[in-house]
Amino acid sequence: FRRVLFRSTYVQDFRQYEDAIRHYRLALERNPPEGLRHDIQRELAQCLVFQKEFAEALDLVRRLPVSPRQQLVQIEALRGLGETDEARSVWDRLQQTAPKVEGVALLGALLDLDQGQAANARVRLRTVLARDPHNVVARNQLVRACQMLGETDQAKAEAAKLQASQALQERHDRLATQALAEPGNTTVRRELAQLCDQLGRPTDAARWRR
């Protein structure tokens, strides 16, 4: 059972969401304990969001105990379905109870942009990027916010940073896929560790160096 679950999270890390969904479903078929089942269901819902299966993700996550991560997935699913007002309501509650949880500021910025509040979004996005300069979602949305505010030169500057980060991320993803297929390839693992250093992911870098 735990081998199946490990495989699920492993392929999810490499953005192979269809495979991750299949493995999470398999893990659920083995009747895990309640707490672990909730964790698996939440991760399954997250992968469904990534695959744009928003209705199924929302139905699943709504049946889980409330937690910051459960609320984050719920907000993403609601946004995907165009339910912006309800998504904002859930986000407001999350902002009050767990404002420092990773993902809260970014989702707040996305909701700001959904509702035409580009200046507020820009502030939140700069906060996210101060912690994670290669967050391509945040950088892309900052380009959007600058464009909405008529800041053409700043939008171009942010777009250049976005392109650089995307190139690093795409190289990382290609190598990660290769590493999954060739677990004994130390050359690939070393390059992945170096890329993770560049992307500001020390935990991942350490994993590839083991």
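Tabulated results
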read-out: Considering residues of the stretch 148-173 that are free of Cβ contacts under 8 Å to residues at least 60 places away in the same chain and among the charged types (D, E, K, R) only, the residue farthest from Q115 (Cα to Cα); value: R171
read-out: Helices (runs of 4 or more DSSP H) within the stretch 27-97 that include 1 or more residues on the phi < 0 side of the Ramachandran plot and of a type in the set (K, R); value: 34-50, 68-80, 84-97
read-out: Residue check, G184 small (G, A, S) and open to solvent by 60 Å² or more (accessible area, probe 1.4 Å); value: yes
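The values are calculated or read from the model by the stated rules, or taken from the named source; none is laboratory data. Predicted model, so just to flag it, every value in this text is computed and none were measured. Backbone-built Cβ (ideal geometry, glycine too); neighbour counts: all protein chains shown. To get the accessible areas, we keep the full protein, side chains included, count just its heavy atoms, and leave off ligands, DNA and RNA. Shrake-Rupley method; radii C 1.70, N 1.55, O 1.52, S 1.80 Å.
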